[in-house]
1. Each residue of the stretch 217-222 in turn: what ³J(HN,Hα) in whole Hz from Karplus with 6.51, -1.76, 1.60 and θ = phi - 60°, glycine and Pro shown as x?
2. If you average the sequence gap of Cα pairs under 8 Å that are 6 or more apart and divide by the length of the stretch 31-296, what percent do you get for the contact order?
3. Among 267, 238, 122, 60, which comes first, second and so on when ranked by fewest other beta-carbon atoms within 10 Å?
4. Taking 7 Å along the Cα-to-C-beta vector as the label spot, tell me the residue 167-residue 106 distance in nanometres, rounded to one decimal.
5. To the nearest 20 debye, what charge dipole does the stretch 114-268 have about its Cα centre, counting +1 at the Cβ of each Lys and Arg and -1 at the Cβ of each Asp and Glu?
6. Name the residues whose placed amide hydrogens come within less than 5 Å of the amide hydrogen of residue 232, ignoring near sequence neighbours (fewer than 5 apart) on the same chain.
7. From the backbone phi of the stretch 283-296, what are the Karplus-calculated ³J(HN,Hα) couplings (6.51 cos²θ - 1.76 cosθ + 1.60, θ = phi - 60°) in whole Hz, Gly and Pro given as x?
8. Quick one: give the max-minus-min coordinate of the C-alpha atoms of the stretch 31-296 along each principal axis, largest first, in Å.
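Where a number appears in this text, it was derived from the coordinates with a stated rule and is not lab data. This structure is a prediction, so every number in the text was calculated from the model and none was measured. Heads up, the Cβs are rebuilt from the backbone with ideal geometry, glycines too, and the neighbour counts pull from every protein chain shown.
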Amino acid sequence: MISRRQFLKWSAALGASAALLPSYAFAAPMLPPRITRYAVTPKRWPADLKLTIAMVADLHACEPWMSADRVASIADTANTLGADMIVLLGDYVAGHRMVSGPVHSSEWAAALSRLRAPLGVHAVLGNHDWWDDRQAQRDGAGPIVSRKALERESIPVYENDAVRLKKDGHSFWLAGLGDQLAFLPARRRLGQRIGIDDLSGTLAKVGQDDNVILMAHEPDVFRRVPERVSLVMSGHTHGGQIRLFGWSPVVPSRYGSKYAYGHVREHTDLIVSGGLGCSIMPVRFGVPPEIVLVTVMGEGRKA
């Protein structure tokens, strides 16, 4: 049994914590990104091919939460990881209205141009990048502003496309899926398509026996990805942005918390980044900003 003094101390501590939680939640988006590491061993991956990938997701550039200077700092941090390649997983533009000012696409793209990796920097687009482009929403087609900004900085953007890469005498494919939620709900009510994703068309560009890694902004596509894809890398969910004991009350996924965050292994492997910026509200709790470093290696090989 606890004493009255202990009870009062614990009650005071809990009260102080409750008072501090909102302040922490609003401050958390400004914290330096942590580095989260995963290792995956796809079944068909060559035993003597070790590949490291840095994942940068969901920047949501805006003042004061994600300034161009902060994007540049994140790029510098990613460079220090020494990854073989760096992938940008979409949602570069602001995802909420609680901002003191915009960060123009030319600014955040220039900051990302600092990224360097031996096998290159590769990007896909996110739903907020599409939703922010009013002309694309009216026309029902791109290329959108975010894509143009990245390509001006010589960062290739993949929309249902793939590129063949090579390391240590082994080749593999990196594929990028078009966004699955590219068009706003208003267009969907008019019977228009929801996204521009074409999974079968993308994988048709890759040989059946070739190793392939897939970038897809939203993780929901994972259920449809065939086993021959070694790894799917996604963002979008922010890990729920608020996460308590591994559970998030709100996740932008039809599967709830199942694909909200981290490493999921089913028929193949999925890594979902908690991202760096914020959507809806500039708060984070239990999911600090992160850069993910994933190591892909053959079964039986030690990291």
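1. Listing the rounded values in order: 4, 8, x, 4, 5, 3 Hz.
2. 25 percent
3. On the way: 267 13, 238 31, 122 23, 60 26.
The order, fewest Cβ neighbours first, is 267, 122, 60, 238.
4. For residue 167 paired with residue 106, the spin-label model returns 3.5 nm.
5. 260 debye
6. Residues meeting the amide H criterion: 214, 269, 270, 271.
7. In residue order, the calculated couplings are 9, 9, 8, x, 9, x, x, 8, 10, 9, 10, 10, 10, 9 Hz.
8. Per principal axis, max minus min of the Cα coordinates gives 50, 43, 41 Å.
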